Amino acid sequence: MNFELQVKLELIKQKKTLTDLANEMGVSVAYVSDIVKGNRKAEHYRNKICKILKIKNKRG
């Protein structure tokens, strides 16, 4: 399962939005969206997303 799908499914399970996630991280929704879609590397924030959502950080 790719990272984008994994994040979206977990957001649904936790009844959170991308906006909620961005607010928890202290960054813009557009920035989080780019990270989730793979348009930005931002490994630090990718790890932070995984920690917040309690998912594994798998590449691809």
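Is there any pair with a first residue in segment 37-60 that is on the phi > 0 side of the Ramachandran plot and a second that is of a type in the set (Phe, Trp, Tyr) and surrounded by 13 or more Cβ atoms within 10 Å (Cβ to Cβ) whose Cβ atoms are under 7 Å apart and which are 6 or more apart or on different chains, and what are they? Close Cβ pairs satisfying both conditions: 38/3.
Looking at the structure I just gave you, is residue 18 touching a Ser or Thr at 6+ places or on another chain (Cβ under 8 Å), at pLDDT 95 or above and open to solvent by 50 Å² or more (accessible area, probe 1.4 Å)? Yes, satisfied.
Being exposed (fewer than 12 other Cβ atoms within 10 Å of the Cβ) and assigned to a helix (DSSP H, G or I) is the filter here, so list the residues in segment 35-50 that pass it.
Within segment 35-50, 43, 44, 47 qualify.
Filtering segment 24-34 to residues that are assigned to a helix (DSSP H, G or I) and either touching a Ser or Thr at 6+ places or on another chain (Cβ under 9 Å) or more than 12 Å from residue 52 (Cβ to Cβ) (or both) leaves 29, 30, 31, 32, 33, 34.
The values are calculated or read from the model by the stated rules, or taken from the named source; none is laboratory data. The structure displayed is predicted, hence computed values, not measured ones. In this analysis, Cβ positions are derived from the backbone assuming ideal geometry, glycine residues included, and neighbour counts consider all displayed protein chains. All accessible areas refer to the heavy atoms of the entire protein, side chains included, with ligands and DNA or RNA removed. Shrake-Rupley method; radii C 1.70, N 1.55, O 1.52, S 1.80 Å.
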